[in-house]
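A.B. asks: Would you mind keeping the following structure in view while I ask a few things?
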Amino acid sequence: MQWFADRLRQGRYVLTYQARATTDGTFLVLPAQAEAMYEPEINGRSAMTTFTVTP
């Protein structure tokens, strides 16, 4: 997924979305990444994690 914003003021932002699990198991969640389009030195990254889907 990709999200774009024209302007973001300084501060903390939380993006949420809903997803439907269709397969049981334990899955790897890759880190989220963010950067300023024209200033890639302004960037951030979350931690990698896992999640488990059970019936």
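A.B. asks: Once Rh is set to the Kirkwood radius over Cα pairs, what Stokes-Einstein translational diffusion coefficient, in µm²/s, holds for the chain at a temperature of 25 °C and a viscosity of 0.890 mPa s?
C.D. replies: Working: Rh = 13.9 Å.
It diffuses with D of about 176 µm²/s by this estimate.
A.B. asks: Between Arg7 and Met37, what is the spin-label point distance in nm, taking each point 7 Å from the Cα along the Cα→C-beta axis?
C.D. replies: Here the answer is 1.5 nm between the modelled labels.
A.B. asks: Could you size up the charge dipole of the chain around its Cα centre, putting +1 on the beta carbon of Lys and Arg and -1 on that of Asp and Glu, and report it in debye to the nearest 20?
C.D. replies: The calculation lands at about 200 debye.
Rule-based calculations on the coordinates, nothing more; no lab input. All of these numbers come straight from a predicted model, not from anything done at the bench. Heads up, the Cβs are rebuilt from the backbone with ideal geometry, glycines too, and the neighbour counts pull from every protein chain shown.
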